[in-house]
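*Asks:* Handing you this structure, nothing more for now.
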Amino acid sequence: MSDVLQRDADSVRYIVLRKLASGMRHALMGELQTVEFFAEFANRLIDKDAEQAKLRECIEKIPAATQAAARTSHSMIEWLRPDEEATAPVGDTVRQCMKLAGDDWGLRGIVATADIPGEASETKLAKAAARELIVASLLTMTDAHPSPMDIEILARRDRDELELRFVGRRSERVATFTPSTVYHTLTSQDLGVLASDHGVACSFDDNALSLRFPVAVGAAAGGDSDH
């Protein structure tokens, strides 16, 4: 890829990250608020000279909550500085991307479903490419159709290639609020630039787009997160 195209790809990445910032903040703050709650509750129990059993029960919950916050923080950093050698199963990656991209879907009347058969679900792809392109695909679709919609994600394994197809259909649901464009609208051309940077084939039609990933072979497995 030429320097100009590389700069174009990095510009699209910046737009994607700006759009994901709210979901990342929500995920991380949710974990940290849990830690804060247990810490404050333990402090109140100490002030009230509460039963040791209640105090112990509360304090024992803090390490698990802290570990969850640390995992979420690590996952957020991976979006900024991904391990280019890591791989991840398609099913897990799709679920993570739906959760992160869909931070406000409930309010916007957007519902996404994934139909990924067992063999395809366990197929490993390059983690950085898959996460970036899947979440960018979801953001591209919701930018193109900001009204309530259904998004169906379909997967099909064909030898050394895995196709993910994203199909959007208008819904009669009523949105709670009308979203404004975050930073810039992502277009199919933007997604094509990212796909080209990763060596992934990308195609579009009226209400759908497809990504065709090469199946990862001999790559190191990367740690997965729920965020």
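*Asks:* Given the rule -39500 (n - 2.57) for each run of at least 4 DSSP H residues, summed and divided by the residues of the chain, what is its mean residue ellipticity at 222 nm, to the nearest 500 deg cm²/dmol?
*Replies:* On the way: 7 runs with 124 residues, N = 227.
Value at 222 nm, helices only, nearest 500: -18500 deg cm²/dmol.
*Asks:* Evaluate E = 1/(1 + (r/R0)^6) for Asp10 and Thr187, where r is the Cβ-Cβ distance and R0 equals 25 Å; express this FRET efficiency to the nearest 0.05. Walk me through the numbers on the way to the answer.
*Replies:* Values: r = 16 Å, r/R0 = 0.65.
Efficiency, rounded to the nearest 0.05: 0.95.
*Asks:* Which length gain, in nm to one decimal place, applies between Val111 and Arg212 when the Cα-Cα distance is subtracted from 0.36 nm times their residue separation?
*Replies:* Here the answer is 34.0 nm.
*Asks:* Once you charge only the Cβ atoms, +1 for Lys and Arg and -1 for Asp and Glu, what is the size of the charge dipole of the chain about its Cα centre, to the nearest 20 debye?
*Replies:* Working: 26 positive and 36 negative charges, 73 e Å.
Charge dipole, the chain, about its Cα centre: 360 debye, nearest 20.
*Asks:* DSSP beta bridges in the range 86-221, what fraction antiparallel, as a percent rounded to 5? Numbers along the way, then the final one.
*Replies:* Working: 25 of 33 bridges.
Bridges in the range 86-221 are about 75 percent antiparallel.
*Asks:* Let me ask you something else. With each pseudo-label sitting 7 Å past Cα toward Cβ, what's the Ser22-Ile62 distance in nm, one decimal?
*Replies:* 3.4
*Asks:* Loop by DSSP (not H, G, I, E, B), at most 13 other beta-carbon atoms within 10 Å: where is the longest site-free stretch of the chain for trypsin sites (Lys or Arg not before Pro)? Intermediate results must be reported in sequence, preceding the final value.
*Replies:* Working: sites that count: Lys48, Arg159.
After excluding every exposed loop site, the longest remaining stretch is 49-158.
*Asks:* So, one more: Count charges around Asp8 for me, please; just the other residues with Cβ under 15 Å from its Cβ, Lys/Arg as +1, Asp/Glu as -1.
*Replies:* Values: positive: Arg7, Arg13; negative: Asp3, Asp10, Glu132, Asp190, Asp197.
My count for the surroundings of Asp8 gives -3.
*Asks:* Taking Cα atoms, how many degrees apart are the long axis of helix 127-144 and the longest axis of the chain, rounded to 10 and kept between 0 and 90?
*Replies:* Taking Cα atoms only, the helix is inclined about 80 degrees.
*Asks:* Relative to the longest principal Cα axis of the chain, at what angle does helix 188-198 sit, 0 to 90 degrees, rounded to 10?
*Replies:* Here the helix axis deviates by roughly 80 degrees.
*Asks:* Ignoring chymotrypsin sites (Phe, Trp or Tyr not before Pro) that are buried or in helix or strand per DSSP, and keeping those with at most 12 other beta carbon atoms within 10 Å, what is the longest stretch of the chain between them? Write down the numbers at each step before the final one.
*Replies:* Numbers: sites that count: Phe177, Tyr183.
After excluding every exposed loop site, the longest remaining stretch is 1-176.
*Asks:* Only Cα pairs under 8 Å and at least 6 apart count here; give the relative contact order of the chain as a rounded whole percent.
*Replies:* Values: 336 pairs, mean separation 57.3, N = 227.
Value for the chain: 25 percent.
*Asks:* For the range 42-137, which GluC sites (Glu not before Pro) are in a loop by DSSP, counting at most 16 other Cβ atoms within 10 Å?
*Replies:* Numbers: sites: Glu51, Glu57, Glu60, Glu78, Glu84, Glu85, Glu119, Glu122, Glu132; in loops: Glu51, Glu84, Glu85.
Here the GluC sites (Glu not before Pro) that fit, given the DSSP loop and packing criteria, are Glu51, Glu84, Glu85.
*Asks:* Got a sec? Charge dipole of the chain, +1 on Cβ for Lys and Arg, -1 for Asp and Glu; which of Met29, Pro117, Ala88 is way out at the positive end?
*Replies:* It is Met29, whose Cα lies furthest towards the positive end.
*Asks:* How long are the semi-axes of the equivalent ellipsoid of the range 86-221, taking √(5λ) for every eigenvalue λ of the Cα gyration tensor, in whole Å from largest down? Each step should come with its number before you reach the end.
*Replies:* On the way: eigenvalues 132, 46, 34 Å².
Result for the range 86-221: semi-axes of 26, 15, 13 Å.
*Asks:* Which of the listed residues, Leu139, Cys202, Leu191, is farthest toward the dipole's positive end in the range 74-227, when Lys, Arg count +1 and Asp, Glu count -1 at the beta-carbon?
*Replies:* Going by the charge dipole, the pick is Leu139.
*Asks:* Just tell me which lysines come within less than 22 Å, Cα to Cα, of Lys124; anything on the same chain fewer than 8 places away is out.
*Replies:* Straight-distance partners of Lys124: Lys99.
Computed from the coordinates by the stated procedures, all read-outs in this text should not be read as laboratory data. Because the structure is a prediction, the values reported are computed rather than measured. Note that each Cβ is placed from the backbone with ideal geometry, even for glycine, and that neighbours are counted across all protein chains shown.
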